[in-house]
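Supplied in structure tokens, the structure appears directly below.
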Amino acid sequence: MKSNSQLNYHFHTPENPQSPTPIVLIHGLFGDLNNLGILGRDLQQHYPVLQIDVRNHGISPHVDDMGYRNMAQDVLALLDELNVPEATIIGHSMGGKIAMTMTAIAPERIEKIVVIDMAPVAYPVRRHDSIFAALNKVTAASATTRQIATEIMRQDIQEEGVIQFLLKSFRQGEWKFNLSILQKEYEKIIGWETIPAWHKPALFIRGGNSDYVTEEYREDIINQFPKATAWVVAGCGHWVHAEKPEAVLRAIHRFLGTEE
């Protein structure tokens, strides 16, 4: 479904929600609203759940900027259209940074946040250059099938799971995400501008094998989110919600007060 602001979204409201406050699920780079579906299907038993395609992803609009303030404003504008005065935001990776930015722009609109494997810092490492190389090769080769695209991407990407994730956004020879803008705006995506302290509950979930949230970022987290708590899911990496969804959901339910 498209909103007036043109963000694509799905909004599910259970018949008897445990809480009227909606949960907004925000995916990461190269993803779409289905990426956190495994969390959404569980949470929508208790809450209204809003899943979105962020700008330049899925079937949301292709625009020229990937700044976090603008992406956060996109979500807030959608909440306005849906008459949602307050929400809990759950975001993975880039989506986590969007969630954190929303607390700076509209602190009174956010009840709680859950940030999955992301810290409020500018990362010095370019982690996605091999992915961009692979995606551009698929485009340059005018590949039209997933089989051909897979063969091409294997030249640059060793992780089969990453290839399969990317292929979810491959349709009839085209990438659903705006590849050229994501590459051009990549420094903004891995960057960060420190935000004012937000004194509401925040949960940071990280994969035990991931290096996105490490001890060196602890001070950055506490300075910007003084009420932050941490939850480490052992034995998984950056895609912690996909690798161990049950552990992630347990942490979220405990944080939200809906554990069974």
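The values are calculated or read from the model by the stated rules, or taken from the named source; none is laboratory data. This one's a predicted model, so the numbers in the text were calculated from it and none came from an experiment. Heads up, the Cβs are rebuilt from the backbone with ideal geometry, glycines too, and the neighbour counts pull from every protein chain shown. For accessibility, only protein heavy atoms count, side chains too; no ligands or nucleic acids. Shrake-Rupley method; radii C 1.70, N 1.55, O 1.52, S 1.80 Å.
Please provide three numbers in whole Å: the alpha-carbon extents of the range 22-110 along the principal axes, with the largest listed first.
Principal-axis extents of the range 22-110 (Cα, largest first): 37, 28, 22 Å.
When the helices in the chain are scored as -39500 (n - 2.57) per DSSP H run of 4 or longer and the sum is shared across all residues, what 222 nm value do you end up with, to the nearest 500 deg cm²/dmol?
-10000 deg cm²/dmol
Which of the lysines could a cross-linker bridge to residue 176, judged by Cα under 23 Å and excluding same-chain residues fewer than eight apart?
Partners found: 2, 97, 137, 168, 184, 188.
Could you tally the net charge around residue 119, taking each other residue with its Cβ under 11 Å from the Cβ of residue 119, Lys/Arg +1 and Asp/Glu -1?
Neighbour charge sum, excluding residue 119 itself: -3.
Using a cut-off of under 19 Å, list every residue of the range 91-119 whose amide N is near the label point 7 Å from the Cα of residue 45 along the Cα-to-beta-carbon line.
none
Using a probe of 1.4 angstrom, how much of the accessible area of the range 128-180 is carbon and sulfur, in percent?
Of all accessible area on the range 128-180, carbon and sulfur atoms account for 48 percent.
If you don't mind, another one. Return the FRET efficiency for the residue pair residue 64, residue 250: r is the Cβ-Cβ distance, R0 is 25 Å, and the value is rounded to the nearest 0.05.
So, using R0 = 25 Å, E works out to roughly 0.05.
Only one of the listed values, (1) 48, 41, 38; (2) 49, 41, 34; (3) 53, 38, 36, was derived from the coordinates as Cα extents along the principal axes in Å; which label is it?
Of the labelled values, this structure produces (2).
Suppose every Lys and Arg Cβ carries +1 and every Asp and Glu Cβ carries -1, with no other charges. What dipole size does the chain come out with about its Cα centre, to the nearest 20 debye?
The calculation lands at about 220 debye.
Let me ask another. Enter the angle in degrees (range 0 to 90, nearest 10) between the Cα long axis of helix 94-105 and the first principal axis of the Cα atoms of the chain, meaning the one along which they spread out most.
The two axes meet at around 40 degrees.
Now for a separate question. Working with all protein chains in place, sort 192, 198 by solvent-accessible area computed with a 1.4 Å probe, largest first.
So, going from the largest accessible area down, we get 192, 198.
So what is the relative contact order for the range 128-180, in percent, with contacts set as C-alpha pairs under 8 Å and at least six apart?
So the answer I get is 39 percent.
Mind checking the angle between helix 129-140 and the chain's longest principal axis? C-alpha axes, 0 to 90 degrees, to the nearest 10.
That helix lies at roughly 50 degrees to the long axis.
Accessible area per residue of the range 1-96 at 1.4 Å probe, in Å²?
With the other protein chains kept in place, the range 1-96 gives 38 Å² per residue.
Positive end of the charge dipole of the chain (Lys, Arg +1 and Asp, Glu -1 on Cβ, about the Cα centre): tell me which of 135, 197, 11 has its Cα farthest that way.
Of 135, 197, 11, it is 135.
Whole-Hz Karplus ³J(HN,Hα) for the range 45-54, in order, using 6.51 cos²θ - 1.76 cosθ + 1.60 and θ = phi - 60°, x for Gly and Pro?
6, 10, 9, x, 10, 10, 10, 10, 8, 6
Additional query: Give me the 1.4 Å probe accessible area per residue for the range 128-180, excluding ligands and nucleic acids, in Å².
Dividing the accessible area of the range 128-180 by its residue count gives 54 Å².
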